[in-house]
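Here the structure comes first, spelled out in structure tokens, and everything after it is commentary.
No lab work stands behind these numbers, since they all come straight from the coordinates. Computed from a prediction, not measured in an experiment: that's the story for all the values here. Note: ideal-geometry Cβ built from the backbone for every residue, glycine included; neighbour counts use all protein chains shown.
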Amino acid sequence: MITAKKLAGLAAAALVALPLSACVNQQAAETGGEPAGEGGGEGVTIGIKFDQPGLGLREGDTYTGFDVEVAKYVANELGYSEDQIEFVESPSAQRETLLSSGQVDMIFATYSITDTRKEQVSFAGPYIIAGQDLLIRADDTSITGPDSLSGKTLCSVTGSTPAEKVKEEYPEVELQEYPGYSQCVQALSTGGVDAVTTDNTILAGFAAQEQYAGQLKVVGQTFSEERYGVGIPKGDVDLCNQINDALTSMVDSGAWQTALDETLGASDFQVDTSVNPPEFDTCS
């Protein structure tokens, strides 16, 4: 259902980018309701991935994963019950557009904070720091990190940042590129490739799937830093601070660790505790 807030967001995007909290508070004043983030009766629209096991996965009407659990916790802290959340699929290439057009209020979708993206949107968080890693078969002892890939066949997704990084830094590796990571993981499980590379959180999610239980493992030697943030409309400092307060509560209460254990933990995945839980950036 297209709400008044979404229509207002679309109109605003066509004219000038306005902070989410300003739009919502203006609407609340006009309707006599409470602003979003303070128990408003209107729902909240949150962008997630629909195809990443352990992070953001849709199966029928059910949404699971670490990103989903963080999103639900934050929404609750902002005054929204779970049945007030509308989850919207947010493919990587569409995330900035979804925010700037008002189609979503926030995005929790393995959304790495970068200077380029910050030119178009703002970020709260980060709420977890991941890194590029390798997924291998559980009985493989020959691959211990990217430096041991010489002569091996590595799989990644066509045009992805991890694939480009491998091409640039490890040219001796035989790289196979597939349309999606699920195809790469399937090829790994059947012996078609020797390893798969992308963010360690994504790899752990696939390894935790029931059909791969005990068959695959994440090497645990990251060679990049990916700071997953909560994407919000550009310049909404008030909303950013509210989200960071909610994330602080999630970490301090133990709910952050519980969510991680119950989603990615099924593959024995361990985050880098030297940087996790992460320090939040200053909202601006």
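By DSSP, what percent of the beta bridges with both residues in the stretch 132-218 are antiparallel, rounded to the nearest 5?
Counting DSSP beta bridges with both partners in the stretch 132-218, the antiparallel share is about 50 percent.
Quick one: go through the stretch 193-233 and flag any residue whose amide nitrogen is under 13 Å from the point 7 Å out along the Cα-to-Cβ line of residue 59.
206, 208-213, by backbone N distance to the label point.
Once you list every other residue whose beta carbon is under 12 Å from the beta carbon of residue 95, what net charge do they have if Lys and Arg are +1 and Asp and Glu are -1? Show your work: numbers first, answer last.
Details: positive: 49, 117; negative: 89, 96.
Local charge sum for residue 95: 0.
How much of the DSSP bridge set in the chain is antiparallel, in percent, rounded to the nearest 5?
Percent antiparallel among DSSP bridges in the chain is about 60.
Might you report the magnitude of the Cβ-based charge dipole of the stretch 132-218 about its Cα centre, with Lys and Arg at +1 and Asp and Glu at -1, to the nearest 20 debye?
180
Report relative contact order for the stretch 132-218 in percent, whole number only (criteria: Cα-Cα under 8 Å, sequence separation at least 6).
With pairs under 8 Å counted, the relative contact order is 41 percent.
Could you compute the longest span of the chain free of GluC sites (Glu not before Pro) located in DSSP loops and having at most 14 other Cβ atoms within 10 Å, not counting the site residues?
39-118
Counting pairwise Cα distances across the chain, what percent come out greater than 30 angstrom?
Taking all Cα-Cα pairs of the chain, the fraction more than 30 Å apart is 32 percent.
What is the angle, in °, between the Cα long axis of helix 237-253 and the longest principal axis of the Cα atoms in the chain? Nearest 10 is fine, range 0 to 90.
So the inclination is approximately 60 degrees.
Give, rounded to the nearest 20 debye, the magnitude of the charge dipole that the chain has about its Cα centre when Lys and Arg contribute +1 at Cβ and Asp and Glu contribute -1 at Cβ.
For the chain, the charge dipole is close to 520 debye.
By counting other Cβ atoms within 10 Å of each Cβ, how are 110, 248 ranked from fewest to most?
If I rank by nearby Cβ atoms, fewest first, I get 248, 110.
Which value results when the Cα radius of gyration for the stretch 238-284 is divided by 2.2 N^0.38 Å?
Rg over 2.2 N^0.38 Å, computed on Cα atoms: 1.29.
Among 252, 194, rank each residue by its count of other Cβ atoms within 10 Å, from fewest to most, as a rough exposure measure. If you can, show how the numbers build up before the last one.
Working: 252 10, 194 22.
Going from least to most buried by this count: 252, 194.
Helix 66-77 against the longest principal axis of the chain: what's the angle in degrees, Cα atoms only, rounded to the nearest 10?
On a 0 to 90 degree scale, this one is about 20.
Can you give the Rg to Rh ratio of the stretch 162-284, both from alpha-carbon atoms, with Rh computed by the Kirkwood formula?
That ratio is 1.03, to two decimals.
Tell me, what is the percent relative contact order of the stretch 45-130, built from C-alpha pairs under 8 Å that lie six or more residues apart?
Averaging sequence separation for qualifying contacts and normalising by length gives 34 percent for the stretch 45-130.
Pairwise over distinct Cα atoms, reciprocal of the mean inverse distance: report the Kirkwood radius of the stretch 132-218 in Å, one decimal place.
12.5
Among the listed pairs 49/167; 49/217; 49/234; 72/165; 49/72; 165/234, which have their C-alpha atoms separated by more than 24 angstrom in this model?
Violating the 24 Å Cα-Cα cut-off are 49/167; 72/165; 165/234.
Can you give the relative contact order of the chain as a percent, counting alpha carbon pairs under 8 Å and 6+ residues apart?
That works out to 25 percent.
Could you state the number of Å between the C-alpha centres of the stretch 130-169 and the stretch 242-284?
Using only Cα atoms, the two centres lie 26 Å from each other.
To the nearest 500 deg cm²/dmol, what mean residue ellipticity at 222 nm is calculated for the chain from DSSP H runs of n ≥ 4 alone, each contributing -39,500 (n - 2.57), summed and divided by the residues? Could the numbers behind the result be given before it?
Numbers: 10 runs with 98 residues, N = 284.
Helix-only estimate at 222 nm: -10000 deg cm²/dmol.
Which order results if 44, 157, 88, 196 are arranged by neighbouring Cβ count within 10 Å, fewest first?
Taking fewest neighbouring Cβ atoms as first place, the list is 88, 157, 44, 196.
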